[in-house]
1. Taking the options Pro31, Pro61, name whichever one is touching a helix residue (DSSP H, G or I) at 6+ places or on another chain (Cβ under 6 Å) and at negative phi.
2. Identify, from the list Ala148, Ala174, the residue that is surrounded by 20 or more Cβ atoms within 10 Å (Cβ to Cβ) and either assigned to a loop (DSSP other than H, G, I, E, B) or at pLDDT below 95 (or both).
3. Would you check if there is a residue in segment 103-121 being at pLDDT below 95, in contact with a Phe, Trp or Tyr (Cβ under 7 Å, 6 or more places away or on another chain) and of a type in the set (Lys, Arg)?
4. Within segment 241-252, is there a residue that is charged (D, E, K, R), closer than 17 Å to Glu325 by Cα, out of contact with any Pro (no Cβ under 9 Å at 6 or more places or on another chain) and surrounded by fewer than 22 Cβ atoms within 10 Å (Cβ to Cβ)?
5. Return the residues of segment 303-324 that are surrounded by 12 or more Cβ atoms within 10 Å (Cβ to Cβ) and more than 21 Å from Phe270 (Cα to Cα); say none if nothing qualifies.
6. Given the conditions (1) in contact with a helix residue (DSSP H, G or I) (Cβ under 6 Å, 6 or more places away or on another chain); (2) farther than 20 Å from Asp250 by Cβ, report the number of the one that Leu212 does not fulfil.
7. With the condition kept exactly as written, say whether any residue in segment 277-297 is over 15 Å from the mean Cα position of the chain (by Cα), of a type outside the set (Phe, Trp, Tyr), surrounded by fewer than 23 Cβ atoms within 10 Å (Cβ to Cβ) and over 23 Å from Leu175 (Cβ atoms).
Amino acid sequence: MAEIRQDPLSGRKAIIADERSDRPGAGLEPPPAGREIDPAGDPFLEGHEDRTPPELDALRPDGSAPGEPGWLVRVVPNLYPAFDEQAAEPPREARIDLFAARAARGRHEVIVNAPGPLASLGDLTQAQLERAMAMWRRRIGHHAEHGAACVHLFVNDGRAAGASLPHTHAQLVALDQVPPYVARERERFGAYATSTMGGNLLGDLVREEVRLDQRVVAIDDEAVLLTPYASPSPYALLLAPRRPAMRFEDGGPLCAAMLARALALLRARFGDLPALNLWLRTAPRGADHYCWRIDLAPRLGRPAGLELGTGLDLNPVSPERAARELRAAGA
């Protein structure tokens, strides 16, 4: 039977309808991910540093100079930013209450995860993934220290997931306001802490998921990987630290081994790693109670009229089934 479930963290609702995966034409085989790299045209490849905007940061163990080869992870401004520190306020419309707009102010940068021609996070060794995530942490911390209200780091892995360049990279936007979706999560964490006299919403959720053992995919000393109770899409995954920590940038385990495992399990389940979106949520400004996490959303379908018109996500693969299949793929 189909269910409407509510996500404990965001309040967002999803329809879980396992039976729909059996309908004609409903195959969930992933479309081609689109990760082919042409090294000659790759601006993120080591040796092509002159093809990007000036370097903002890099991990350079050999002491090489900015803008030269010798880096392991490199950060540059996004050449086509969605946010700009110098964005001008838009002209006022006659009825500002009907036509509200404001400048999209912020910073938008690219973190090149590795110097070689690698097209996916799933192609990185664990050591490379750890270095990339350490730079993610460093850049999130940099922007938080410089007053960003919300720092959102994400990876579009594969052209089918929105990547315009196939070389593996993360993007980071540092915003001067907290987006509504993140603000709602902040409010739910705070309300839960008040109602439970200090409980951590995600920390308690993880403990309950481990106790129930219906949606846990993997667990190690640092992290838990699970399929969310109200998964918005097939085989969505949530990675959370075993011990709640508000801010990823404050230190502690990177949980890189668990992220590598998540990517490997998706590859094993589908025969190849599907295109996917990843984002890292860390405490925004104004949060007194929070816990960082990583979300992964394989691109196995696309929203249609029901989802777009109602705001309800429709997932034809229950999170319990997805967890079973992913565990079996790693057996």
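1. On the way: Pro61 fails: touching a helix residue (DSSP H, G or I) at 6+ places or on another chain (Cβ under 6 Å).
Going through Pro31, Pro61 in turn, just one is touching a helix residue (DSSP H, G or I) at 6+ places or on another chain (Cβ under 6 Å) and at negative phi: Pro31.
2. Numbers: Ala174 fails: either assigned to a loop (DSSP other than H, G, I, E, B) or at pLDDT below 95 (or both).
Within the list Ala148, Ala174, the selection yields Ala148.
3. Yes, segment 103-121 contains a residue that is at pLDDT below 95, in contact with a Phe, Trp or Tyr (Cβ under 7 Å, 6 or more places away or on another chain) and of a type in the set (Lys, Arg).
4. Residues of segment 241-252 charged (D, E, K, R): 242-243, 247, 249-250.
Filter once more, so that each one left must be closer than 17 Å to Glu325 by Cα: none.
No.
5. Of the residues in segment 303-324, the ones surrounded by 12 or more Cβ atoms within 10 Å (Cβ to Cβ) are 303, 306-307, 312-324.
Residues satisfying the conditions are Leu306, Glu307, Leu312, Asp313.
6. Answer for Leu212: the failing condition is (1).
7. The answer is no; no qualifying residue exists.
Condition check ((1) aliphatic (A, V, I, L, M); (2) touching a His at 6+ places or on another chain (Cβ under 9 Å)) across all residues:
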position	(1), (2)
Leu45	yes, yes
Ala58	yes, no
Glu68	no, no
Pro81	no, yes
Glu85	no, no
Ala88	yes, no
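The values are calculated or read from the model by the stated rules, or taken from the named source; none is laboratory data. Computed from a prediction, not measured in an experiment: that's the story for all the values here. Virtual Cβ from ideal backbone geometry, glycine too; neighbours counted across all protein chains shown.
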